[in-house]
Amino acid sequence: MLLEMTCLGLLLPVLPSRIAQFVGSGSVAILWYGVATFVFAGCFALGAGLSGSFSDGHGRRCPILVNCIGSTIGHLAAAVSPSILVFLLCRAWCGLFNGNIALAQAYVADLSLPEERARRFGTLGAMQGFGFVLGPILGGYLGLEDLRVPFLAAGLAAVLSGVLAWFLLPESLPEDERRTTGVIVSHPLRPVGELTQVPGFGPMVPALAVFTLAQNIMITSWVPYATDRFGWGPTENGWGLFTFGMTNILAQGLLFPVLSRRLGLHRLCILALLSSAVAFVGFGITHSGRVALLLMVGNMVGLCANLAFQTIASRRTDPASQGAVMGGLQALTNLTLLVAPLFTAPLLYPLSRWTAVDWKAGLPMYFCSGLVILALSTSLRLLLRKS
C-alpha cells in the first residue's frame with residue numbers, strides 16, 4: 001500500500017509540467033491536464049471494480065501481480081511518450097491497472113476476524129497517508145532536472161511491489177470460499193450497485209457518496225482556495241498538504257482503532273461526520289492560514305469517517321464478495337472525483353467578487369459542509385439504530 005500510494009504521489013508535482021511539454025503552457029495545458037485527470041480517474045474506477053470482482057472468483061494474488069505488471073508498463077511508457085495522445089493512453093492504462101488498493105483491503109479482510117478489521121484497515125490507511133506525504137516530496141526533487149524521472153521511479157516502484165508480492169504474498173482466499181458466478185463486471189457502475197446489496201450497509205451508500213463528493217470537492221479546490229483566501233504561495237501550500245498527510249496518518253493509524261473499539265463504528269461515523277461539517281464551516285469562516293492548519297489537526301476524528309464506513313461494509317460482507325465490495329468502494333471514490341470538478345469551478349469563480357476577509361468568500365467550504373450535513377441527515381436514523 002505504501003508503494004502504491006507513493007507511485008501516485010510521485011507524479012502529482014510534475015504531471016502539469018509534463019503535459020505542458022506536449023501542448024505548451026497556458027489555458028491549453030490546463031485543458032489537457034483536466035482531460036488527463038478525467039481519463040485516469042475514470043479508468044481507475046473501472047479498474048478497481050474489475051480487479052475486485054475478478055479476485056472474488058480467482059483469488060487475490062493473481063490480479064495483484066497483474067496490476068503490478070500493468071502499472072510498470074504504463075509508467076515506463078508514459079516516461080517516453082512522444083505525444084499527448086500517447087501520454088493519455090498511458091494514463092488510461094495506469095488507471096485500469098491501479099486496483100491494488102482495493103485488493104489490499106480485500107486481502108486484509110480475508111485474513112482478519114471481523115473485530116480485527118478496524119485496526120488493520122487503520123494500518124493500511126496510515127500507509128496510504130505515508131505514501132501521500134512521501135510521494136510528492138520525492139517526485140518534486142526527482143523532477144527538478146528531468147520531468148520523466150518521476151515516471152521512471154514510479155515504474156521501478158511498481159516492479160518492487162511485484163517482486164515483493166511474488167515472493168512474500170501467498171494466496172489469501174481459499175478456493176472453497178470463492179465466488180462461482182458474477183465475477184466479471186459488466187459495466188463501470190456495477191461494483192457501486194453491489195454495495196447497495198450489502199445487508200445493513202446499502203442504505204448508507206448514498207450518504208457515503210455525498211460525503212466522499214464533499215471531500216473531493218475540497219481536495220480539488222483547496223490549493224486555489226488557500227491561495228486566494230489565506231494568501232498562501234507554493235511553500236505554504238506544500239506545508240498545508242504535509243499537515244493534512246501527517247494528520248491523516250495519525251487519525252487512521254492511531255486514533256481510528258481506539259475510537260472504533262470504544263465508541264463502535266456507527267457512533268464513530270456520526271461523530272466523524274459532525275466533526276467534518278464543523279471543520280468545513282471553520283475553513284469557510286477563517287481567513288487565517290494558521291487557523292486553517294489548526295482546523296486540519298482538530299478534524300482528526302473527521303478523517304476516520306471513510307474507514308468507519310469501509311469497515312462496516314467489510315464486516316457485513318461474506319468472504320466471496322470482499323473484493324467486489326472493496327472495489328466498489330474504491331470505484332465510488334473515483335466516480336465522485338470525476339464529478340467534483342463540475343462543482344469546483346463554479347464555487348471558486350465568485351471568490352474574485354469578495355475580499356479575503358469577507359465571510360462570503362468561504363462559499364466552497366460552506367457548500368462542502370452542507371453536503372456533509374446532508375450525508376449525516378440521510379444516514380443518522382440507520383446509524384443510530386445499528387449502534
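Key figures
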item: The listed residue being in contact with a helix residue (DSSP H, G or I) (Cβ under 6 Å, 6 or more places away or on another chain), surrounded by fewer than 21 Cβ atoms within 10 Å (Cβ to Cβ) and either touching a residue at least 24 places away in the same chain (Cβ under 8 Å) or not in a helix (DSSP H, G or I) (or both), out of 335, 382, 307, 371; result: 382
item: Hey, residue 290 at pLDDT below 90 and of a type in the set (Lys, Arg) or not; result: no
item: Candidate set from the stretch 211-235 (those that are among the aromatic types (Phe, Trp, Tyr) and part of a helix (DSSP H, G or I)); member that is nearest to the chain's Cα centre (by Cα); result: 211
item: Meets criteria (on the phi < 0 side of the Ramachandran plot, out of contact with any Cys (no Cβ under 7 Å at 6 or more places or on another chain) and touching a residue at least 60 places away in the same chain (Cβ under 8 Å)) for residue 313; result: yes
item: The stretch 200-209: number of residues that are surrounded by fewer than 20 Cβ atoms within 10 Å (Cβ to Cβ) and either of a type in the set (A, V, I, L, M, F, W, C) or not in a helix (DSSP H, G or I) (or both); result: 2
item: Residue match in the stretch 344-351 (condition: within 26 Å of residue 271 (Cβ to Cβ), within 21 Å of the chain's Cα centre (by Cα) and either outside any helix (DSSP H, G or I) or not small (Gly, Ala, Ser) (or both)); result: no
item: Only one of 326, 365 that is in contact with a Phe, Trp or Tyr (Cβ under 7 Å, 6 or more places away or on another chain), part of a helix (DSSP H, G or I) and either crowded, with 17+ Cβ neighbours inside 10 Å or not assigned by TED's automatic domain parsing to the domain that holds residue 105 (or both); result: 365
item: Some residue of the stretch 61-73 being under 22 Å from the mean Cα position of the chain (by Cα) and of a type in the set (D, E, K, R); result: no
item: Selection within the stretch 154-175 - closer than 11 Å to residue 62 by Cα and part of a helix (DSSP H, G or I); result: 162, 165, 166
item: Selection status of residue 212, surrounded by 19 or more Cβ atoms within 10 Å (Cβ to Cβ) and polar (S, T, N, Q); result: yes
item: Residue ID - surrounded by the most Cβ atoms within 10 Å (Cβ to Cβ), chosen from residues in the stretch 248-285 that are out of contact with any Ser or Thr (no Cβ under 6 Å at 6 or more places or on another chain) and within 25 Å of residue 351 (Cβ to Cβ); result: 276
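The values are calculated or read from the model by the stated rules, or taken from the named source; none is laboratory data. If you're wondering where the values come from, they're calculated on a predicted model, not measured in any experiment. So basically every Cβ, Gly included, is an ideal-geometry build from the backbone, and we count neighbours across all protein chains shown.
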